[in-house]
């Protein structure tokens with residue numbers, strides 16, 4: 001057991017002098033932002049941008065973090081006064097920086113009153129979100145608030161103790177309106193198409209069910225800009241924490257590792273005070289969609305490809321997967337199919353973007369696990385691969401590489417790798433896919449028809465598309481009979 005003291009405000013001076021730390025008076029800063037979903041990505045991305053902003057002399061942008069499900073993040077950060085270390089890894093080089101923008105982490109449900117009060121505070125002008133697709137509680141088929149969702153139904157009944165994202169935001173906005181505070185900007189930073197629209201649908205949808213006047217006020221006064229975020233952030237391991245302790249002499253239970261690259265493109269539409277994040281490298285734009293689609297359909301789609309095909313082929317990490325020439329060739333061919341669905345975007349050079357992605361995937365210091373990316377595939381596939389697949393089919397184009405990735409996801413649902421080892425299918429629809437596959441007996445055609453029936457992932461039109469069904473069946477059959485490595489090697 002570690003005997004080193006925890007990183008905190010009191011121990012900050014014990015750090016080696018070469019490690020960067022907050023250059024501003026943390027105690028003098030007011031909270032300007034409430035953030036929902038204080039995971040590793042937020043710490044390596046938005047929290048780091050706010051830290052850079054306050055280091056640049058722009059005050060009062062500290063963050064109150066809201067953990068949506070577990071007290072674990074609060075247990076990591078609160079004993080450290082919100083401080084944590086970002087380890088930027090690039091090959092053999094590491095750069096360490098202590099970030100001080102998070103003031104405290106509170107827990108949805110348990111600390112709902114504090115969250116509501118913070119959202120109502122005139123000092124707060126921004127709420128940011130990284131809760132993944134399922135946190136918005138939207139019905140996949142309609143994009144509207146899912147009133148059958150257990151968390152939404154519970155919040156509708158609980159009144160002032162909500163725990164879902166829509167419930168907490170609506171309660172906070174109601175309190176803000178009652179206090180005559182300025183309207184709030186709610187900024188989604190999740191990997192969703194039109195993520196600002198998703199946030200609006202969730203919040204306005206909840207308000208419309210409980211208080212129509214509030215719903216109209218939110219629609220009229222509050223802003224829901226879209227954004228695109230990009231930084232690769234692998235899951236932190238115990239070995240990472242132990243290695244950092246040996247290096248800095250302090251225990252940091254909240255450390256995160258990441259790559260040098262970071263990007264945040266934000267639609268320039270705010271209801272009140274806008275953080276001057278452009279001083280920290282944020283790009284404000286009138287149109288996020290082009291950037292967002294490029295990231296979803298190139299970076300994220302390739303990640304899904306390497307997650308399923310790579311894990312099935314026995315690769316634990318993304319840098320190992322992309323180093324396998326047939327898989328790299330598949331990624332390039334997949335990008336050719338995906339790029340045909342993208343429109344030109346000012347400032348975005350697709351050729352340079354693709355070259356840079358390959359460089360980032362190849363970074364051996366990141367240790368980005370394929371199985372980490374494979375989580376929640378039923379939520380990720382629709383925007384990353386299913387939507388562009390449909391666009392290509394409407395244009396009469398074939399989609400062999402898109403179908404290969406989707407077939408790999410179908411193969412993944414079996415919960416057993418090519419050596420016979422079992423693994424957990426970590427997905428909200430895992431029980432449904434398991435049930436649908438129960439009587440298919442490993443027949444690829446039966447498996448394809450069974451899983452194409454999951455309408456929250458696949459629109460019904462795909463099940464009647466002979467080209468798609470044929471490609472999926474051939475790809476899945478090859479994965480089942482030959483395995484991922486041989487399938488890729490024979491195709492590329």
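Rule-based calculations on the coordinates, nothing more; no lab input. The shown structure was predicted, so the numbers you read here are calculated from the model rather than taken from an experiment. Because the Cβ atoms are built from the backbone with ideal geometry, glycine has one as well, and the counts that use them run over all protein chains shown.
Can you give the calculated 222 nm mean residue ellipticity of the chain, where each DSSP H run of n ≥ 4 adds -39,500 (n - 2.57) and the sum is split over every residue, rounded to the nearest 500 deg cm²/dmol? Mind dumping the intermediate values first?
Values: 22 runs with 211 residues, N = 492.
After summing the helix terms and dividing by residue count, I get -12500 deg cm²/dmol.
I need to check one value: relative contact order of region 289-491, counting alpha carbon pairs closer than 8 Å and at least 6 residues apart, in percent.
Values: 235 pairs, mean separation 52.7, N = 203.
Contact order relative to length: 26 percent.
Using the Kirkwood formula on the Cα atoms of region 12-285, what hydrodynamic radius do you get, in angstrom to one decimal? Each step should come with its number before you reach the end.
Working: mean 1/r = 0.0527 Å⁻¹.
The answer is 19.0 Å.
For a label point 7 angstrom out from the Cα of residue 398 toward its Cβ, which stretches of region 447-485 have the backbone nitrogen within less than 15 Å?
Only 466-475 fall inside the zone, counting backbone N under 15 Å.
What is the chain's relative contact order, in percent, from Cα pairs under 8 angstrom and six or more apart in sequence?
Values: 882 pairs, mean separation 66.5, N = 492.
Over the chain, the number comes to 14 percent.
Treat the count of other C-beta atoms within 10 Å as a stand-in for reagent exposure and order 54, 375 from fewest to most. Working shown, then result.
Numbers: 54 22, 375 17.
Least crowded to most crowded, the residues run 375, 54.
Over region 12-285, what is the relative contact order in percent, taking alpha-carbon pairs closer than 8 angstrom and at least six residues apart?
Numbers: 560 pairs, mean separation 58.9, N = 274.
Value for region 12-285: 21 percent.
Looking at region 12-285 only, what percent of DSSP beta bridges run antiparallel? Nearest 5 please. Please report the intermediate quantities before stating the final value.
On the way: 12 of 38 bridges.
Of those bridges, close to 30 percent are antiparallel.
Where both partners of a DSSP beta bridge lie in the chain, what percent of those bridges are antiparallel, to the nearest 5? Walk me through the numbers before you get to the answer.
Numbers: 14 of 41 bridges.
Roughly 35 percent of the DSSP beta bridges within the chain come out antiparallel.
Would you please put 135-143, 350-358 in order of how densely packed they are, using the mean number of other Cβ atoms within 10 angstrom per residue and starting with the highest? Numbers along the way, then the final one.
Details: 135-143: 17.4, 350-358: 14.1.
Packing proxy ranking, top to bottom: 135-143, 350-358.
How long is region 410-462 along each principal axis, judged by its Cα atoms, biggest number first, in Å?
Extents along the principal axes, in whole Å: 35, 24, 15.
Note down the nm distance, to one decimal, between modelled labels 7 Å out along Cα→Cβ at residue 157 and at residue 333.
5.3
Going by the alpha-carbon gyration tensor, a ≥ b ≥ c the square roots of its eigenvalues, is region 289-491 rounded (a/c under 1.5) or, if a/c is not under 1.5, prolate (a/b greater than b/c) versus oblate? Don't skip to the end; give the middle numbers.
On the way: a/c = 1.67, a/b = 1.20, b/c = 1.39.
Taking the square roots of the gyration eigenvalues as a ≥ b ≥ c, region 289-491 is oblate.
So what is the orientation-averaged projected area of region 230-368, using the convex hull of its C-alpha atoms, in nm²?
Details: hull surface 43.6 nm².
For region 230-368, averaging the hull's shadow over all directions gives 10.9 nm².
Counting other C-beta atoms within 10 Å, which of 468, 454 has the fewest, and how do the rest follow? If you can, show how the numbers build up before the last one.
On the way: 468 24, 454 15.
The fewest-first ordering by Cβ neighbours comes to 454, 468.
What percentages, rounded to whole numbers, describe P(r) for region 113-234 computed over all alpha carbon pairs with 10 Å bin width beginning at zero?
In order of increasing distance, the bins hold 14, 48, 33, 6, 0 percent.
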